[in-house]
Amino acid sequence: MNARANILAKVKKSLSAPADDAARAATVAARIKDAPTGILPARAQLPNEERIAVFVKYAEKYNATVARIASIDDLPKEVSTYLKSRNLPASVRMGADPMLTGAGWESERTLEIRTGPSDGSDLAGVSHARAGIAETGTLVLASGPDNPVTITFLPEHHIVAVKASDIGATMEEAFEGIRQTYGKGTMPRTVNMVTGPSRSGDIEQTILLGAHGPRALHIVIVD
């Protein structure tokens with residue numbers, strides 16, 4: 001018996017559950033197959049515009065900044081405006097995400113676009129979030145060549161574009177969207193849920209931004 005089997009056997013023994021309990025196995029299989037949703041809070045049951053307003057409210061509560069643009073073609077200008085407002089170099093890092101690469105970056109002639117994973121030397125990175133969760137102001141980012149996970153964690157400033165139509169009410173909706181994108185039973189290597197910039201209160205319970213990742217998060221909602 002290997003270590004994993006030994007641990008699971010002890011758990012089953014503590015639960016007084018037989019290893020060949022067909023009823024328990026069927027219950028687990030049914031739940032995985034059906035992926036039932038949980039109870040939805042009232043603030044998650046809102047029309048689109050009100051849901052986006054709730055998302056913005058909680059994103060800003062946790063120290064993110066939020067902008068809204070009419071189309072993805074306006075993203076380069078919004079990124080340039082953000083960099084200038086923070087006195088940052090006109091340079092960003094991003095992956096091969098089709099929505100981002102098709103944004104018409106050539107319109108911002110002074111903006112340098114670096115592609116591929118970050119090596120930690122970038123001050124700003126741009127990502128595309130798969131979804132937003134209104135009830136907590138959270139972004140859902142799936143890893144991969146299109147949106148390297150290093151861009152989520154290494155630059156000090158993280159700029160994230162999310163479609164207004166992809167902002168759902170709950171975490172359950174976000175995972176349902178991932179299942180539809182990748183296929184049921186398949187997930188990207190990591191799914192990162194980001195609520196505000198990185199923070200820590202380990203030292204004297206004083207909140208410090210940028211402890212384990214970006215010190216600033218700028219969300220761009222794309223209509």
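The values are calculated or read from the model by the stated rules, or taken from the named source; none is laboratory data. As the structure is a computational prediction, the values presented were derived from the model and not from experiment. Quick reminder, even Gly has a Cβ in these numbers, built from the backbone with ideal geometry, and neighbours come from all protein chains shown. All accessible areas refer to the heavy atoms of the entire protein, side chains included, with ligands and DNA or RNA removed. Shrake-Rupley method; radii C 1.70, N 1.55, O 1.52, S 1.80 Å.
Observations on the structure shown:
- Qualifying residues in segment 174-194 (those that are at pLDDT 90 or above and not aliphatic (A, V, I, L, M)) - the one most open to solvent (accessible area, probe 1.4 Å): T190
- Cross-chain or 6+ apart pairs with Cβ under 6 Å, segment 195-217 first and touching a residue at least 24 places away in the same chain (Cβ under 8 Å) and open to solvent by 80 Å² or more (accessible area, probe 1.4 Å), then of a type in the set (G, A, S) and assigned to a loop (DSSP other than H, G, I, E, B): H212/S198
- Some residue of segment 90-97 being at pLDDT below 95, among the acidic types (D, E) and outside any helix (DSSP H, G or I): no
- Any hit, segment 166-173, residues being open to solvent by 10 Å² or more (accessible area, probe 1.4 Å) and either free of Cβ contacts under 8 Å to residues at least 40 places away in the same chain or within 18 Å of H218 (Cβ to Cβ) (or both): yes
- Test: residue in segment 196-215 that is within 14 Å of the chain's Cα centre (by Cα) and aliphatic (A, V, I, L, M): no
- Under the condition of being in a loop (DSSP other than H, G, I, E, B) and over 23 Å from I39 (Cα atoms), the residues counted in segment 169-183 number 1.
- Remark: L8 falls outside the filter, which requires a residue to be touching a His at 6+ places or on another chain (Cβ under 8 Å) and either at pLDDT below 95 or in a loop (DSSP other than H, G, I, E, B) (or both).
- Considering residues of segment 93-133 that are within 21 Å of the chain's Cα centre (by Cα) and among the polar types (S, T, N, Q) only, the residue most open to solvent (accessible area, probe 1.4 Å): T115
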